[in-house]
Amino acid sequence: MSIFIIILKLILLPTLSPLCVGIVRKVKAYMQNRRGAGIFQPYYDLWKLFHKDEVIARDASWIFYLTPFLLFGLSILLPLGIPLLGSIESLSFFGDFIITIYLLATMTFFIALSGLDVGSAFGGFGSSREMTIAALTEGTLLFSFLPIALVTHTTNVILMATTASGLPFFNYLPFVIAFMGFFIALMAETGRIPFDNPSTHLELTMIHEAMILEYSGKRLALIEWANANKFIFFIILGVNLFFP
Amino acid sequence: MQNLFFTSLLVLTGGSIISLIVQRDTKLSYVSSVFSMFGSLLALIFSIGALITQSTLTTTLPTSFPMFNISLHIDPLAAFFILIVSLIALPASLYGIVYMKQYAIEYNLGVFGFFYNIFLISLLLVITAHNALYFLFVWEIMSLSSLFLVIFENKKLQIIKSGFIYFIMTHAATAFILLSFLLLFQFTGSFDFETIKQHFASIPFVIQTIIFLCMIIGFGTKAGIVPFHIWLPWAHSAAPSHVSSLMSGVMIKIGIFMLFKMFLDILPQTPLWLGYVVLIIGAVSSILGVLYALSEHDIKRLLAYHSIENIGIILLGLGSGLIFIALKQPSLAMLAITAGLFHTLNHAVFKSLLFLGAGSVISQTHTRNIEEYGGLIKLMPYTAIFFLVGAVAISGLPPFNGFVSEWLTFQSLFSGIATSSILIKSIFIFGAACLTFTGGLAAACFVKAFGITFLARSRSIESEKATEVSPLLLISMGTLAVLCLTLGVFSFFVITNIQLIVKSLSLFASKTSSLSSTGISLQVNQNVAHLNMPVIFLVMAVFIALSFGLVYIVSRKQKVVLRTVWDCGFNALSPKMEITATGFSRTLILIFRGIFQPSKQHEIEYVDADIRYFSKSKTVTLGIVNIYEAYLYYPLHNGLSIISKQIRKIQSGNVNQYLLYIFILLLGLLIFARY
């Protein structure tokens with residue numbers, strides 16, 4: 001039973017994540033007085049990218065070739081450490097929030113390396129900016145979990161969420177402050193305004209886009225998809241911890 | 001069992017003597033390295049045996065000097081550090097066989113082999129020494145033999161300067177250690193650690209405080225804590241790379257070992273404030289170490305600064321352990337000390353791997369400046385993989401070993417935050433904050449170090465000509481890289497054994513640790529936290545492979561075309577347009593400008609000084625102020641010179657005046673003797 005839930009968890013997240021990105025874009029379009037593309041547009045984009053030929057820079061090394069797979073692979077295993085679908089598998093099966101944060105850091109590490117890999121002027125600056133922000137958000141993210149960990153006496157996200165939902169109303173004050181921190185970290189980690197703009201290609205403002213500028217075809221699709229996964233993962237995590 | 005250890009010492013001694021005998025024949029210079037390999041292999045087997053049997057060996061050889069006994073004491077803690085020494089010495093010596101050949105024409109390899117073996121012997125002896133005088137004797141041999149290894153390339157002025165700084169700092173450290181031992185002698189009447197251990201409680205509180213502080217400064221200088229760290233970047237960058245890997249991986253750990261041994265075994269029941277001091281030193285060292293590493297673009301200095309950072313992380317473990325001991329929470333203390341010991345082992349492995357990798361790169365490119373590397377991943381693919389493993393491990397990313405020990409350190413700091421006292425809480429929060437930022441900044445720094453060195457295109461002619469290094473070098477790096485992964489994935493096994501070492505300390509006899517491993521997963525304090533490294537490694541590998549396989553099935557028909565990088569429609573991109581190491585870290589340096597005090601100088605030369613439109617040349621110098629040298633060491637140095645100048649006035653060269661001094665002294669002594 002529990003293995004079935006784990007597999008369901010692992011499939012559900014990547015299937016829903018493009019939809020989530022589509023909805024966010026639609027909302028953004030409404031707020032800017034545009035009609036915007038349909039909410040299923042990200043699926044079409046992925047489909048299109050997977051069926052395109054690839055152009056890869058001659059200077060690229062295996063880091064550039066491997067990173068998209070690594071990124072996508074890690075992004076779908078992120079939910080293993082968090083409660084989803086009300087599942088309670090064995091607590092000691094995976095790990096706690098620190099491993100989750102460090103898995104995110106691993107993703108950042110490799111995408112920054114692949115940004116440097118092709119040796120374009122954009123990629124390097126993208127990596128530099130990304131690592132600057134990542135170095136500072138890692139701490140923010142960890143410290144936004146910490147108050148809840150202290151209140152619930154555990155660093156295991158599954159236990160944290162279950163214990164937090166049973167707490168009396170008073171104990172929610174630290175949650176509010178922690179949520180503010182988490183929200184800032186979320187914006188930075190998923191590359192949203194004001195840290196980064198996912199839809200820009202202006203060299204002065206792009207961070208994430210600058211690093212993946214040289215990607216095309218299926219590898220670009222994987223990176224986009226991995227980012228969508230990361231985005232929905234953060235939303236689920238936030239909901240679980242702060243609005244139990 | 002014991003004989004194995006002595007055989008290993010004998011083999012190393014033999015190596016050092018033979019190295020001197022064959023010094024005229026450069027073809028035979030590998031012989032001494034073979035001896036050191038064999039010696040460290042024996043020591044490795046011995047230490048594993050001692051750890052398995054959990055036995056304590058004690059031998060005392062009396063000498064004709066009073067108070068000076070050659071007394072050896074190998075408890076599980078010492079055996080663990082012998083394990084670390086020999087584990088690193090083995091691949092480092094293998095590396096040395098080939099690596100030293102590049103010096104054969106210019107320098108005397110026989111002398112190098114001599115000091116190298118002596119250095120290994122002294123490392124083993126320092127760990128086992130159980131008498132303060134004998135300890136100081138072998139400690140000094142260790143300092144001096146490593147000094148001669150540092151100044152091996154003695155035809156370069158820079159290297160002599162590095163050696164000089166190392167010499168001064170290491171002897172200042174010895175002075176503090178000597179002072180603490182003399183105080184211990186005065187109040188316990190013995191130089192024997194065993195006697196000191198029994199009588200320590202009778203020493204007055206003030207003297208105890210002075211002893212503790214002297215030990216922190218003395219052993220801390222050797223370990224490289226801030227602000228006594230200034231010798232590390234000099235000494236580690238000057239020595240040949242496998243010596244750097246031994247110094248950074250092992251020798252600075254001897255300082256750590258002595259802190260562990262003194263505070264947990266010889267002088268137990270340390271006061272609470274000592275824990276605070278160690279923890280704060282650890283936190284400050286870790287964050288400042290990594291910040292300075294970021295600003296560095298000499299690859300070996302960068303790695304040396306990372307050693308300071310990691311020493312900080314180890315001290316975070318030890319510091320929280322000492323606080324828990326003082327708070328009478330031994331089970332949490334065991335967790336924290338396990339974290340510190342495990343990080344000691346891990347840092348030794350990945351730091352020596354990185355130094356060996358850096359050495360391979362330097363041997364090919366003949367420069368330590370990472371701005372002149374680039375594109376080496378295609379020319380030196382295996383070195384690149386091994387360096388990447390080291391970089392990922394030191395950044396504390398799963399599934400490698402650095403992550404596990406940082407996780408343990410986090411857990412012990414979190415347990416400290418959960419205590420009730422506000423003061424203790426805030427100190428632990430400070431430690432945890434420093435550790436998180438350290439993790440993030442270390443990752444940023446190694447993206448820089450690996451990216452600028454190995455990725456993109458070559459930035460100099462030297463690095464275009466680089467080729468892969470010889471298989472022996474690759475084997476020694478590969479061994480360490482595999483160790484990084486195994487220590488991470490099978491951390492549950494390693495930690496179970498480190499727990500046994502911690503348990504063997506009399507402080508923790510018959511106490512249970514809050515860290516336990518159930519099956520293959522680690523567990524802190526009944527459900528507080530879990531970590532299942534084998535599963536994490538497995539799912540990471542499976543998912544990456546899975547995404548690879550699925551994508552291959554979906555889009556295998558699509559073509560992959562190789563083209564040059566998009567150059568915005570101009571001419572082809574040159575390596576000058578790539579980001580540099582300085583540019584990469586500039587943003588972070590500006591964010592922390594309060595600490596770095598970055599400086600920027602413009603120098604523009606114009607074609608015509610009156611019409612300032614066309615410039616002939618522009619130079620921008622970016623630099624940072626070395627605040628320790630500027631605010632601590634220069635004032636100290638200036639103060640000393642002023643005092644020396646004043647004292648010199650006494651010495652006038654007039655014989656009559658000297659006679660007067662003798663008379664005054666005599667008078668003074670007579671008066672002193674009368675009362």
| remark: Residue set A:Ile177, A:Ile193; condition in a loop (DSSP other than H, G, I, E, B), over 20 Å from A:Ser120 (Cβ atoms), among the aliphatic types (A, V, I, L, M) and free of Cβ contacts under 8 Å to residues at least 60 places away in the same chain; output residue A:Ile193
| request: Can you give me the number of residues within segment B:316-349 that are under 16 Å from B:Gly255 (Cβ atoms) and under 12 Å from the mean Cα position of the chain (by Cα)? | output: 5
| request: Among the residues of segment A:111-121, count how many are at the interface with another protein chain (Cβ under 7 Å from one of its Cβ atoms) and more than 16 Å from the chain's Cα centre (by Cα). | output: 7
| remark: Just one listed residue, out of A:Leu46, A:Leu13, is in a helix (DSSP H, G or I), at pLDDT 90 or above and hydrophobic (A, V, I, L, M, F, W, C), and it is A:Leu46
| query | Among the numbered criteria (1) more than 9 Å from chain A (Cβ to nearest Cβ); (2) within 30 Å of B:Gln269 (Cα to Cα); (3) not in a loop (DSSP other than H, G, I, E, B), which single criterion is violated by B:Gly488? | reply | (2)
| message | Can you report the number of residues in segment A:136-179 which are within 18 Å of the chain's Cα centre (by Cα) and more than 22 Å from B:Gln411 (Cβ to Cβ)? | response | 2
| request: Counting only residues that are more than 7 Å from every other protein chain (Cβ to nearest Cβ), give me the strands (runs of 3 or more DSSP E) lying completely in segment B:518-588 with at least 2 of them. | output: B:521-524
| Can you name the residue in segment B:145-161 that is over 25 Å from B:Leu124 (Cα atoms) and not acidic (Asp, Glu) and, of all such residues, is surrounded by the most Cβ atoms within 10 Å (Cβ to Cβ)? | B:Ile159
| query | Before we move on, is B:Val111 closer than 28 Å to B:Ser476 by Cβ, over 23 Å from the mean Cα position of the chain (by Cα) and outside any strand (DSSP E or B)? | reply | yes
| request: Filter segment B:453-471 down to residues that are basic (Lys, Arg) and within 11 Å of chain A (Cβ to nearest Cβ) and give me whichever is surrounded by the fewest Cβ atoms within 10 Å (Cβ to Cβ). | output: B:Arg457
| task | Within segment B:116-124, identify whether any single residue is part of a helix (DSSP H, G or I), without any contact (Cβ under 8 Å) to a residue 40 or more places away in the chain and of a type in the set (Gly, Ala, Ser), and answer yes or no. | result | yes
| task | Test each condition in (1) touching a residue at least 40 places away in the same chain (Cβ under 8 Å); (2) assigned to a helix (DSSP H, G or I); (3) of a type outside the set (A, V, I, L, M, F, W, C); (4) within 14 Å of chain A (Cβ to nearest Cβ) for B:Pro398 and report the one that comes out false. | result | (2)
| message | Tally up the residues in segment A:97-121 that are in contact (Cβ under 8 Å) with a residue 40 or more places away in the chain and over 16 Å from A:Leu71 (Cα atoms), please. | response | 5
| B:Val535 passes all but one of (1) surrounded by 13 or more Cβ atoms within 10 Å (Cβ to Cβ); (2) under 30 Å from B:Val620 (Cα atoms); which number fails? | (2)
| field | Residues (loosely packed, with under 15 Cβ neighbours inside 10 Å and under 30 Å from A:Asp59 (Cα atoms)) located in segment B:567-612 | value | B:Asp567, B:Cys568, B:Gly569, B:Phe570, B:Asn571, B:Ala572, B:Ser574, B:Lys576
| request: Might you let me know whether segment B:360-375 holds any residue that is under 18 Å from B:Ile88 (Cβ atoms) and either outside any helix (DSSP H, G or I) or basic (Lys, Arg) (or both)? | output: no
| task | Filter segment A:41-59 down to residues that are under 23 Å from B:Val554 (Cα atoms), surrounded by 15 or more Cβ atoms within 10 Å (Cβ to Cβ) and in contact (Cβ under 8 Å) with a residue 60 or more places away in the chain, then give me how many there are. | result | 10
| Taking segment B:31-81 only, how many residues are among the hydrophobic types (A, V, I, L, M, F, W, C) and not in a helix (DSSP H, G or I)? | 8
| So which of B:Phe446, B:Phe450, B:Phe387, B:Phe410 ends up being in contact (Cβ under 8 Å) with a residue 12 or more places away in the chain, within 24 Å of the chain's Cα centre (by Cα) and more than 9 Å from chain A (Cβ to nearest Cβ)? | B:Phe387
| request: Please identify the pairs in which a residue from segment A:122-134 that is more than 7 Å from chain B (Cβ to nearest Cβ) has its Cβ atom under 6 Å from the Cβ atom of a residue that is small (Gly, Ala, Ser), counting only partners at least 6 apart or on another chain. | output: A:Phe122/A:Ala210; A:Gly123/A:Gly115; A:Gly126/A:Gly115; A:Gly126/A:Ala210; A:Glu130/A:Ala112; A:Ile133/A:Ala188
| Extreme residue, farthest from B:Trp407 (Cα to Cα), among residues of segment A:135-146 that are facing chain B (nearest Cβ under 7 Å) and surrounded by 24 or more Cβ atoms within 10 Å (Cβ to Cβ) | A:Ala135
| query | Among (1) within 8 Å of chain A (Cβ to nearest Cβ); (2) surrounded by 24 or more Cβ atoms within 10 Å (Cβ to Cβ), which single condition is B:Ala433 missing? | reply | (2)
| query | Going by the structure shown, is B:Ser615 touching a Gly at 6+ places or on another chain (Cβ under 7 Å), free of Cβ contacts under 8 Å to residues at least 40 places away in the same chain and either surrounded by 10 or more Cβ atoms within 10 Å (Cβ to Cβ) or of a type outside the set (S, T, N, Q) (or both)? | reply | no
| request: Could you list, in sequence order, all residues of segment A:147-159 that are at the interface with chain B (Cβ under 7 Å from one of its Cβ atoms) and either assigned to a helix (DSSP H, G or I) or of a type in the set (Val, Ile, Thr) (or both)? | output: A:Ala149, A:Leu150, A:Thr154, A:Thr155, A:Leu159
| note | Counted residues in segment B:419-429 being crowded, with 16+ Cβ neighbours inside 10 Å and either facing chain A (nearest Cβ under 9 Å) or part of a helix (DSSP H, G or I) (or both) come to 4
| query | Does segment A:27-40 contain at least one residue that is assigned to a helix (DSSP H, G or I) and either surrounded by 18 or more Cβ atoms within 10 Å (Cβ to Cβ) or touching an Asp or Glu at 6+ places or on another chain (Cβ under 9 Å) (or both)? | reply | no
| field | B:Ser652 out of contact with any Pro (no Cβ under 6 Å at 6 or more places or on another chain), more than 30 Å from B:Ala444 (Cβ to Cβ) and outside any helix (DSSP H, G or I) | value | yes
| message | Going by what's in this entry, would B:Leu659 be described as modelled with pLDDT of 85 or more, over 18 Å from B:Glu296 (Cα atoms) and either part of a helix (DSSP H, G or I) or hydroxyl-bearing (Ser, Thr, Tyr) (or both)? | response | yes
| query | What single numbered condition from (1) more than 25 Å from B:Thr582 (Cα to Cα); (2) of a type outside the set (S, T, N, Q); (3) surrounded by 24 or more Cβ atoms within 10 Å (Cβ to Cβ) fails to hold for A:Gly115? | reply | (1)
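The values are calculated or read from the model by the stated rules, or taken from the named source; none is laboratory data. Everything quoted here is computed from the prediction, not taken from an experiment. Reconstructed Cβ throughout: ideal geometry from the backbone, glycine too, with neighbour counts over all protein chains shown.
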